[in-house]
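Since the structure comes first, as structure tokens, the remarks are kept for the end.
None of the figures in this text is laboratory data; all of them are computed from the coordinates on show. Computed from a predicted structure; not experimentally measured. Every residue, glycine as well, gets a Cβ built from its backbone with ideal geometry; the counts of neighbours run over all protein chains shown.
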Amino acid sequence: MLKYLSSGEQSRFSELQGKLAQFLITDAEQKELSALVSKAQNTAAERIRAIESVRQLITENAIDIQSIFSAEIIRRAAADVSGPRAGGGKNRNQPKTTKPVSRTEQVLIQVKLDKSAGAPSRYKKGQKLGKFVSRNFKQLDAGGQLVENLLKYATPLGKTYFSTPEGKAELDAFAQFVRKTPVNS
């Protein structure tokens, strides 16, 4: 809670708390301590509301992390969180490219049902649909639950995007494609 107070307020809070612990606090100091606690709580609550507001804006506007940060910044942040890799070595965590991910490269759904087969089947935002559909996607069309099954394999970006009206429309169009299109044999 102290992190929501200025450094001067933090010092005063600690001082007053020490007096309280020793039963040497006056009524005025107790009111001051109570005011500092209230201020910290209100600041924390305001911060939580602000975070929720930002999250809601992100969801409503289908904003993904690549729209805000470059791929390089994302990689560095991930490397900072995960720490250095075993085996070390100079530039081990450096990315091979700094090319940002374009809108057409944003994977919304990734499915691999047959573990012995090759790469997973992917659906990317705005992807042009071909003459055939992958076996992985076709297998999800079971029991009239295709959309729900596709959502189970949605990436975090896909889940956010599919919660928007534009995303729902694209998911429905892709589901229709999967239902109607034959598998390439």
Item to complete: Starting with the highest mean, order 161-167, 15-21 by the number of other Cβ atoms within 10 Å, averaged over the residues of each peptide.
Response: 161-167, 15-21
Item to complete: Would you compute, for the Cα atoms of region 103-180, the largest minus smallest coordinate along each principal axis and list the three values in descending order, in whole Å?
Response: 34, 26, 24
Worksheet item: Got a sec? Charge dipole of region 112-173, +1 on Cβ for Lys and Arg, -1 for Asp and Glu; which of 146, 156, 169 is way out at the positive end?
Response: 156
Worksheet item: For region 122-133, in order, what is each residue's ³J(HN,Hα) by Karplus, 6.51 cos²θ - 1.76 cosθ + 1.60 with θ = phi - 60°, in whole Hz (x at glycine and Pro)?
Response: 10, 10, 10, 4, x, 4, 6, 8, x, 8, 10, 10
Worksheet item: With labels modelled as points extended 7 Å from the Cα through the Cβ direction, what inter-label distance (nm, one decimal) is found for residue 73 paired with residue 45?
Response: 3.3 nm
